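The values are calculated or read from the model by the stated rules, or taken from the named source; none is laboratory data. Only a predicted model underlies this, so the values are computations on that prediction, with no experimental measurement involved. Positions of Cβ are generated from backbone atoms using ideal geometry, with glycine treated the same way; all protein chains shown enter the neighbour counts.
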Amino acid sequence: MTAPRHVGVIDIGKTNVKVAVVDLESRSEIGVLKRPNRVLPGPPYPHYDIEGHWRFICDALGQLHRQHRIDALSVTTHGASTVLLDDAGNLATPMLDYEFDGPDSLAAEYDVIRPDFSETGSPRLAMGLNVGAQLFWLLKTCPDLPDRISTVLTYPQYWGYRLTGVLASEVTSFGCHTDLWAPWQGGFSSLVERLGLKDRMAPLKRAGDSLGTVLPEVAERTGLPEGLPVACGIHDSNASLYPHLLSRPAPFSVVSTGTWVIIMTIGGKNVALDPARDTLINVDAFGNPVSSAKFMGGREFDIISKGRNTTCSETEISNVLEKRIMLFPAVDPRSGPFQGRKHSWSVAESGLSDGERYAALSFYLALVTSECLIMTGAAGPIVVEGPFARNRLFLEMLAAATGRPVTTAEGSLTGTSVGAALLVSRVHHHNEPAWHAPERCIHPDPKLKAYATAWLERVQAS
């Protein structure tokens, strides 16, 4: 069987829906189309625009196939999400937005049946960030829903179902602070049975398994060839991790950046994770537990920058370092190692130039990331994926704060699409050779270390 070269990837993040074509030889995106990940306000509650996404996905696949000839498909999506289907294979209820706070109204009742962190590796989170809390709220507030649910799907595999008609679920999405998975046992947690869903979970597959081939009606709508293979799919942060699992020796950590900053440590120190500080156990593409931490770094960047200019001069950087212009956590108090705190500045915010604000914000994000790395027992090099890989100040401060080298793939915009595309090699039983993109490596700068130390002392004192 000829190995595929151009893989179409459906890549759904919290902020944007993207369809990309990845060239497996260069491991690069050669075509990309995007749309915002729109949330509809309801009724019955805030939910994702699933049908709008599907129209965009089909149109984008058609356009990109005409331009690049797609050989296979794969899917990656954000976590904290499941899809509920009825007997006809349609949505049993709209797919709830995990930032909707409705589940908080039943938090006390949910906590009575929720498994402990020692079973799930899943911290207790607000809103619908624990899928179990979403499901509990939906089942309690929609009286006829329990009778309508036929199948529970993880989110990447829902799109695989739309493409192939095959029902499946997969562990990287269940292992994403859902409360539904027991990572050390490698099976569903006790919550699944307590919710009455044990017999409704879609069959489990591995991320790199073959899901099937595109349906005739999908081929007709998109222009894709019938028989085009589709990989099972993967949670987006684990897609960023996947290429490194294939080619990089432990220990190392991957920092996957976007709306969320997800820190995943492989082969690190043996540490006790603190669920109160947003640490958790993720599950990688091979089903193994991964010490992790997270915070909403991309959202925090947007909140502070507020559309201002995001560049700075060397003079502005020097001002921030010399005057100790600092941003303290937490800009988004709902997540991260400093959740519950209210952010503040060391100086009057109104007096800052755009460049000074950008520099201090970049340093802040790096220092919170450093704290997450410490909490997960990180050792060895730190690999940064996604938008923050283009932020020199973030990379330099992260190296200074951790005292370890920080690397990025040259030209890397996001590792999620490439990681998802590599799953196709598993579908076709082609083993990927060890392969490294040209990397740039940032080593610790002693001039920045003093700033990092002073920031941490102020945070600990408060």
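State all residues of the stretch 110-147 that are of a type in the set (Gly, Ala, Ser) and either surrounded by fewer than 18 Cβ atoms within 10 Å (Cβ to Cβ) or assigned to a helix (DSSP H, G or I) (or both); if no residue qualifies, say none. Break it down stepwise before answering.
Going through the stretch 110-147, the residues of a type in the set (Gly, Ala, Ser) turn out to be 118, 121-122, 126, 128, 132-133.
Result: 118, 126, 132, 133.
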Checklist (1) within 26 Å of residue 282 (Cβ to Cβ); (2) of a type in the set (Ser, Thr, Tyr); (3) at pLDDT 95 or above applied to residue 28, failing item = (3)
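Give me the residue from the stretch 207-256 that is of a type in the set (D, E, K, R) and modelled with pLDDT under 95 and, out of that set, farthest from residue 58 (Cα to Cα). Working first, answer last.
Taking the stretch 207-256 and keeping what is of a type in the set (D, E, K, R), we get 209, 217, 220-221, 226, 236, 248.
Now narrow it down to the ones that are modelled with pLDDT under 95: 226, 236, 248.
Numbers: 226: 14, 236: 20, 248: 35 Å.
Among those that are of a type in the set (D, E, K, R) and modelled with pLDDT under 95, it is 248.
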Verdict on residue 152 being over 19 Å from the mean Cα position of the chain (by Cα), part of a strand (DSSP E or B) and not hydroxyl-bearing (Ser, Thr, Tyr) | yes
Residue 23 fails exactly one of the following numbered conditions: (1) over 27 Å from residue 385 (Cβ atoms); (2) more than 20 Å from the chain's Cα centre (by Cα); (3) of a type outside the set (A, V, I, L, M, F, W, C). What is the number of that condition?
-> (1)
Return only the number of the condition from (1) surrounded by fewer than 21 Cβ atoms within 10 Å (Cβ to Cβ); (2) out of contact with any Cys (no Cβ under 6 Å at 6 or more places or on another chain) that residue 355 does not satisfy.
-> (2)
Filter result (surrounded by 15 or more Cβ atoms within 10 Å (Cβ to Cβ) and aliphatic (A, V, I, L, M)) within the stretch 277-322 | 280, 281, 283, 285, 290, 293, 296, 304, 317, 320, 321
Within the stretch 306-320, count every residue that is over 14 Å from residue 391 (Cα atoms), of a type outside the set (A, V, I, L, M, F, W, C) and touching a Phe, Trp or Tyr at 6+ places or on another chain (Cβ under 9 Å).
-> 2
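Results for (1) modelled with pLDDT of 95 or more; (2) assigned to a helix (DSSP H, G or I); (3) touching a Leu at 6+ places or on another chain (Cβ under 8 Å); (4) under 30 Å from residue 270 (Cα atoms), shown as yes or no for each residue.
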site: 304; (1), (2), (3), (4): yes, yes, yes, no
site: 316; (1), (2), (3), (4): yes, yes, no, no
site: 320; (1), (2), (3), (4): yes, yes, no, no
site: 324; (1), (2), (3), (4): yes, no, no, no
site: 339; (1), (2), (3), (4): no, no, no, yes
Scan the stretch 322-351 and report the pairs whose first residue is more than 17 Å from residue 456 (Cβ to Cβ) and without any contact (Cβ under 8 Å) to a residue 60 or more places away in the chain and whose second residue is part of a loop (DSSP other than H, G, I, E, B) and small (Gly, Ala, Ser), with Cβ atoms within less than 7 Å and a gap of 6+ or a chain change.
-> 333/340
Please indicate, with yes or no, whether at least one residue in the stretch 358-365 is farther than 30 Å from residue 123 by Cβ, touching a Lys or Arg at 6+ places or on another chain (Cβ under 8 Å) and modelled with pLDDT of 95 or more.
-> yes
State which residue is farthest from the chain's Cα centre (by Cα) when the search covers only the stretch 197-232 and only residues that are closer than 10 Å to residue 163 by Cβ and polar (S, T, N, Q).
-> 222
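Report the residue count in the stretch 186-208 for those that are without any contact (Cβ under 8 Å) to a residue 12 or more places away in the chain and in contact with a helix residue (DSSP H, G or I) (Cβ under 8 Å, 6 or more places away or on another chain). Let's see the steps before the verdict.
Residues of the stretch 186-208 without any contact (Cβ under 8 Å) to a residue 12 or more places away in the chain: 187, 193, 198-199.
Okay, now just the ones that are also in contact with a helix residue (DSSP H, G or I) (Cβ under 8 Å, 6 or more places away or on another chain), so 198.
Residues that pass the stated criteria total 1.
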Residues of the stretch 69-109 that turn out to be part of a loop (DSSP other than H, G, I, E, B) and either surrounded by 24 or more Cβ atoms within 10 Å (Cβ to Cβ) or touching a residue at least 12 places away in the same chain (Cβ under 8 Å) (or both), as a count | 19
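Name the residues in the stretch 191-211 that are of a type in the set (Gly, Ala, Ser) and surrounded by fewer than 17 Cβ atoms within 10 Å (Cβ to Cβ), would you?
Taking the stretch 191-211 as the starting set, the residues that turn out to be of a type in the set (Gly, Ala, Ser) are 196, 202, 207-208, 210.
Passing the criteria: only 196.
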